[in-house]
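Chemist: Questions regarding the structure given below will be posed in turn.
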């Protein structure tokens, strides 16, 4: 056993700042040392420049990347004011995420020598050490604390300790040599028979609060209320021996077991067995299997966990479901957390954090409650594509850590592997990789009748929809009140003690006024011509939150989330409904309203006169019509001969309000207005549109009473 104990990620609370400074300095050196020690297994300079796999950079990139990350982030945070090597800090900055298996990048790079990168790393070590020794430190260290960036650099290096170990494992054996610090497990044998353990139904909360004492990545923070039905889970991780039955049954040749994405990968890779398995055929019908470890090949340890990508794990579950006639699948993230809590795994010994071996080990070595290896040995794939918890925020210094993975193509895996250190070793960590990706990852299966519920990770990127979502639900700018809310309040105030059963928000866009009117009306219908727009309102009504991106400048964006809860609109979700429709040609069912609310609509209609001359048919006697508009008549929206106003008539100025009066006076009386109400629309971080909308309120005349 490897007796070297890597330090745990430090608590970031306490009362003794100097003691904490010393602890973080030791943690920094331990991670920096261990990372460089990993690259000592490469036995020649050529090993740094030959790609282990076509989809990733050569190892020289990763050797330099973690050091340049420190400098780039410290500069961005203003903790240092000078670059060490601008060329390196550009060359080694990006290109880390594995490329898609069907999107090869053949770019060529003029890489520096190994000695140059090694010397640069030493410069970075001195710079960061000096900063840790001199930067003022007050406790606790929280999300917006300068020292959070130092912890970010250390934890980032530990992520690449693991990912680089996988690349080295995928390298040609001739480029690596055994190393005393990276000694694998030497125990192997027959695998235990797997069996199922029952997990009771559970309800619990996931998500961390900022400032809870340890460093974390953005996706770990926020709130997720989990509810799992009872299910059964395999006591052990799936072993090489258990997986062999799938291989021998022709699982890789049976296309019906593979989902479309997995089938495409399998055909591309020409996969016939797990990637780290090596077939030495003594005869065509009797293969002799070996296993590739990081630095050597060994006879197949059948009682070690099999290591696969997600597609292989899922195909195995499909096969096992078929042969057992049982609902077999991978667990969801919530189910894995329920299993972890049931086993009490976070308090048990584990093959984790380099405390035992530089490899996985038998699946029955580390007991955790009724299970084995809930934590440690190898990561465990789940069925859950990574998604943000409610309240998710990006960290401004590392705004692209998680957000690029919110694409429904990166699945979470849980539990950590033998080389997972620091934050990776914590049960609440959330790491996700593309489903074809190889890590030190395997799986356990569950028997569950309940289907997996997948949470949306979608961020609206349609620029216009996002701008309107921010306009309706986002921040207020320059002291100007939220426009849909302000108009809804005007309408509600004008209603007084009139009946308030039904309201129609016509041209509702993304729906804020629809929700606001529901504070007063028992039922509010939002109608808009754009399905893209009303989709945001529908999402809020159904799921309680909406996520979108905003352009900051050029290609730079920021990520936003809004919830009905924070807006005080939760109870309104049951009172609203949204439909796609044409304001100039509404269906007959949309009638009997006590209020029709038309904000910034009439100057965007192809026939505003048609609406204005018929809208009284939709409103109850004594009901109200609110019209708000900046009267920005444009021929791209409304042909010139269809404008309600904004032109000369009989030689005199004819305003839109004049046109409204002439079109509405037969069925309405002007109750109040005109009143100018300002609004601001954010276009970029530094460009805003400030506009005044003219508001008029009209009361529906009793059709039986004539003036």
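The values are calculated or read from the model by the stated rules, or taken from the named source; none is laboratory data. The shown structure was predicted, so the numbers you read here are calculated from the model rather than taken from an experiment. Don't worry about glycine lacking a Cβ; one is built from the backbone with ideal geometry, like all the others, and counts go over all protein chains shown.
Chemist: Of the conditions (1) surrounded by 14 or more Cβ atoms within 10 Å (Cβ to Cβ); (2) farther than 23 Å from residue 351 by Cβ; (3) not assigned by TED's automatic domain parsing to the domain that holds residue 381, residue 256 fails just one. Which one is it?
Modeler: All conditions pass for residue 256, except number (1).
Chemist: Is it true that residue 205 is in the same structural domain as residue 328 (by TED's automatic domain parsing), surrounded by 16 or more Cβ atoms within 10 Å (Cβ to Cβ), at pLDDT 95 or above and farther than 30 Å from residue 43 by Cβ?
Modeler: Working: in the same structural domain as residue 328 (by TED's automatic domain parsing): yes; surrounded by 16 or more Cβ atoms within 10 Å (Cβ to Cβ): no; at pLDDT 95 or above: yes; farther than 30 Å from residue 43 by Cβ: yes.
For residue 205, the condition - in the same structural domain as residue 328 (by TED's automatic domain parsing), surrounded by 16 or more Cβ atoms within 10 Å (Cβ to Cβ), at pLDDT 95 or above and farther than 30 Å from residue 43 by Cβ - is not met.
Chemist: Within the stretch 270-283, can you find the residues that are touching a helix residue (DSSP H, G or I) at 6+ places or on another chain (Cβ under 9 Å) and in a loop (DSSP other than H, G, I, E, B)?
Modeler: 271, 272, 273, 274, 275, 276 - these are the residues of the stretch 270-283 that are touching a helix residue (DSSP H, G or I) at 6+ places or on another chain (Cβ under 9 Å) and in a loop (DSSP other than H, G, I, E, B).
Chemist: Shifting gears a bit: Residue by residue through the stretch 58-92, note down the ones that are surrounded by 20 or more Cβ atoms within 10 Å (Cβ to Cβ) and outside any helix (DSSP H, G or I).
Modeler: 85, 92
Chemist: Shifting gears a bit: Quick one: which of 212, 267, 219 is surrounded by 21 or more Cβ atoms within 10 Å (Cβ to Cβ) and not in a strand (DSSP E or B)?
Modeler: That would be 219, the only listed residue that is surrounded by 21 or more Cβ atoms within 10 Å (Cβ to Cβ) and not in a strand (DSSP E or B).
Chemist: Still on this structure, I have one more. Give the stretch 583-608 a look and list any residue that's surrounded by fewer than 18 Cβ atoms within 10 Å (Cβ to Cβ) and out of contact with any strand residue (DSSP E or B) (no Cβ under 9 Å at 6 or more places or on another chain), or say none.
Modeler: Once the filter is applied, which keeps residues that are surrounded by fewer than 18 Cβ atoms within 10 Å (Cβ to Cβ) and out of contact with any strand residue (DSSP E or B) (no Cβ under 9 Å at 6 or more places or on another chain), the stretch 583-608 yields 584, 585, 588, 589, 606, 607.
Chemist: Also, I was wondering about something else. Scan the stretch 318-336 and report the pairs whose first residue is free of Cβ contacts under 8 Å to residues at least 12 places away in the same chain and whose second residue is in a strand (DSSP E or B), with Cβ atoms within less than 7 Å and a gap of 6+ or a chain change.
Modeler: 321/328
Chemist: When residue 581 is evaluated against the numbered criteria (1) at pLDDT below 95; (2) farther than 20 Å from residue 530 by Cβ, which criterion, by number, is the only one it fails?
Modeler: Just one mismatch for residue 581, condition (2).
Chemist: Could you list all residues from the stretch 456-469 that are modelled with pLDDT of 90 or more and closer than 11 Å to residue 536 by Cα?
Modeler: 465, 466, 468, 469
Chemist: Could you say which residue among 697, 692, 663 is in contact with a helix residue (DSSP H, G or I) (Cβ under 6 Å, 6 or more places away or on another chain) and within 24 Å of residue 640 (Cα to Cα)? First the steps, then the outcome.
Modeler: Details: 697 fails: within 24 Å of residue 640 (Cα to Cα); 692 fails: in contact with a helix residue (DSSP H, G or I) (Cβ under 6 Å, 6 or more places away or on another chain).
Of 697, 692, 663, the one residue that is in contact with a helix residue (DSSP H, G or I) (Cβ under 6 Å, 6 or more places away or on another chain) and within 24 Å of residue 640 (Cα to Cα) is 663.
Chemist: Let me ask another. Inside the stretch 411-464, can you point out the residues that are part of a loop (DSSP other than H, G, I, E, B), under 26 Å from residue 7 (Cβ atoms) and within 14 Å of the chain's Cα centre (by Cα)? Talk me through it step by step, then tell me what you get.
Modeler: At the first step, the residues of the stretch 411-464 found to be part of a loop (DSSP other than H, G, I, E, B) are 415-421, 426-430, 435-440, 443-445, 448-459, 461-462.
With the extra rule that they be under 26 Å from residue 7 (Cβ atoms), the set shrinks to 415-421, 426-430, 439-440.
Hits for the stretch 411-464 are 429, 430.
Chemist: Also: Can you name the residue in the stretch 338-365 that is in contact with a strand residue (DSSP E or B) (Cβ under 6 Å, 6 or more places away or on another chain) and part of a helix (DSSP H, G or I) and is also nearest to residue 182 (Cα to Cα) among such residues?
Modeler: Checking each candidate, the answer is 345.
Chemist: Looking at the stretch 325-348 only, could you name the residues that are surrounded by fewer than 20 Cβ atoms within 10 Å (Cβ to Cβ) and either modelled with pLDDT under 95 or not assigned by TED's automatic domain parsing to the domain that holds residue 410 (or both)?
Modeler: 344, 346, 347, 348
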